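Novice: Structure provided below as structure tokens; questions to follow.
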Amino acid sequence: MPIDHEKQRSRQTELDILRFIAIVGVLIIHSSTRFASSDIEKHIGAWFSIFSRPCVGIFLFISGFLLSKNYFDCYQLIRHFKRVLIPYTFFSILAFLYKYNIEIASIIYKHPFNIFFQYVFGNSFGIYYFVFIICINYILLFYSNNSTYDVILIFFSIVILVHTAYYKEIVSLLSHSFKFNDDVYINRYIFWPFFFFLGAKTQSAHLVKYLKDKKLYFIYFWIVSFLIYNVLFYFDFNNIDGYNSIIGTIYTIATIYFLFCMDIKSNSIIMYIGKMSYYLYLSHIFIVYIFCDGAKFYRISLPFWFSIVSFLMSLFIPLLFYEFQKKLFNNQFSKYLGVMD
């Protein structure tokens, strides 16, 4: 069967648009609540943070969607590990240097297992949990095929339901065995793999045309889930966070399919940022932390509107640095930054 290059380019454009939306969501989450002081500011920041939470689900969905199209052999597994882990390792080293400064050698000597544990599980800077999850998903995909995607989705659906129903009991039980922030790890490691295999199933079952044909239904699905989520947020219901709740999971699915079936117009800026998404994910938090730590050091209270400044700077400063190194090193440094081809 001849390859439809025009269709492939169109699909790649759609995925870059989704990456753009997802990375914008990540940047919003990490800037929206850090400069809030009053209750109303915290409430506004929390709203932006919670309703941007589908961003990681979008990234995982895209990965599963793309990788399920081709035979995922050992070569592909190693290739994708390198593509994810080389930039992650580079930024993790920078993160440890930033966190521990001149004490880094002493910390490594006294607590080598703790440093290794932070690195392996994506906690080198408190936000890189996605890396561990995507690597686990690569391994699961390597040992699975089209016929097992349903089983994996059902399994994670059951796990999500059990976790949601017995959330406090599970965290309490595991807290006796682990010293790290249990709920952070549990929420992400249990909920996020589902979206990867949802993307894989969407591709393997050829559901793209169905999504486009039934676009109106998925728009309604998103509107209803968005409104219900807002009502629950307004009345401050417990356990409605986007990473550890049923409504958060439904809203993420609705958002993914809503965006996937929409004909969103692209441009060169959106495409550029979409290709930079993994690099921005790894690098932007340094800018946010510098603002926060700088404010603490100088004992100043930054206003809530500084969240917008933080968001913009965490987007543009890494992009400026990338362009600078591109000219300085003739783009030889890009593989360490996580920039997509």
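Novice: Mind listing whichever residues of segment 53-77 are at pLDDT 90 or above and farther than 17 Å from Ile152 by Cβ?
Specialist: Arg53, Pro54, Cys55, Val56, Ile58, Phe59, Ile62 - these are the residues of segment 53-77 that are at pLDDT 90 or above and farther than 17 Å from Ile152 by Cβ.
Listed here are the residues, each with its yes/no results for (1) within 19 Å of the chain's Cα centre (by Cα); (2) more than 27 Å from Ser37 (Cα to Cα); (3) at pLDDT 95 or above; (4) among the basic types (Lys, Arg).
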| position | (1), (2), (3), (4) |
| --- | --- |
| Tyr281 | yes, no, yes, no |
| Val288 | yes, no, yes, no |
| Lys296 | no, no, no, yes |
| Ser301 | no, no, no, no |
| Leu312 | yes, no, yes, no |
| Glu323 | no, yes, no, no |
| Phe329 | no, yes, no, no |
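Novice: Shifting gears a bit: Being under 24 Å from Tyr149 (Cβ atoms) and modelled with pLDDT of 90 or more is true for just one of Tyr217, Tyr189, Tyr243. Which residue is that?
Specialist: Exactly one of Tyr217, Tyr189, Tyr243 is under 24 Å from Tyr149 (Cβ atoms) and modelled with pLDDT of 90 or more, namely Tyr217.
Novice: If you scan segment 92-142, which residues turn out to be at positive phi and surrounded by fewer than 20 Cβ atoms within 10 Å (Cβ to Cβ)?
Specialist: Asn101, Gly126
Novice: Oh, and also: Is it fair to say Ser106 is touching a Ser or Thr at 6+ places or on another chain (Cβ under 6 Å) and either charged (D, E, K, R) or at pLDDT 85 or above (or both)?
Specialist: no
Novice: Let me ask something additional. State which residue is farthest from Phe91 (Cα to Cα) when the search covers only segment 128-153 and only residues that are at pLDDT below 90 and not in a helix (DSSP H, G or I).
Specialist: Filtering segment 128-153 for residues that are at pLDDT below 90 and not in a helix (DSSP H, G or I), the one farthest from Phe91 (Cα to Cα) comes out as Asn145.
Novice: Just for helices (runs of 4 or more DSSP H) wholly inside segment 48-124: which have at least 2 residues that are under 16 Å from the mean Cα position of the chain (by Cα)?
Specialist: Hits in segment 48-124: 54-67, 74-100.
Novice: Tell me the residue from Ile270, Ile290, Ile300 that is within 20 Å of Val56 (Cα to Cα) and among the β-branched types (Val, Ile, Thr), please.
Specialist: Ile270
Novice: On the given criteria, is Tyr166 at pLDDT below 85, over 30 Å from Asp73 (Cβ atoms) and either among the basic types (Lys, Arg) or surrounded by fewer than 19 Cβ atoms within 10 Å (Cβ to Cβ) (or both)?
Specialist: In short, yes.
Novice: When segment 249-273 is examined, which residues are found to be of a type in the set (Gly, Ala, Ser) and modelled with pLDDT under 90?
Specialist: Ser266, Ser268
Novice: If you check Leu302 against the conditions, is it part of a helix (DSSP H, G or I) and aliphatic (A, V, I, L, M)?
Specialist: No.
The values are calculated or read from the model by the stated rules, or taken from the named source; none is laboratory data. Nothing here was measured: the structure is a model prediction, and the numbers come from that model. With ideal geometry, Cβ positions are generated from the backbone for all residues, glycine too; neighbour counts draw on all protein chains shown.
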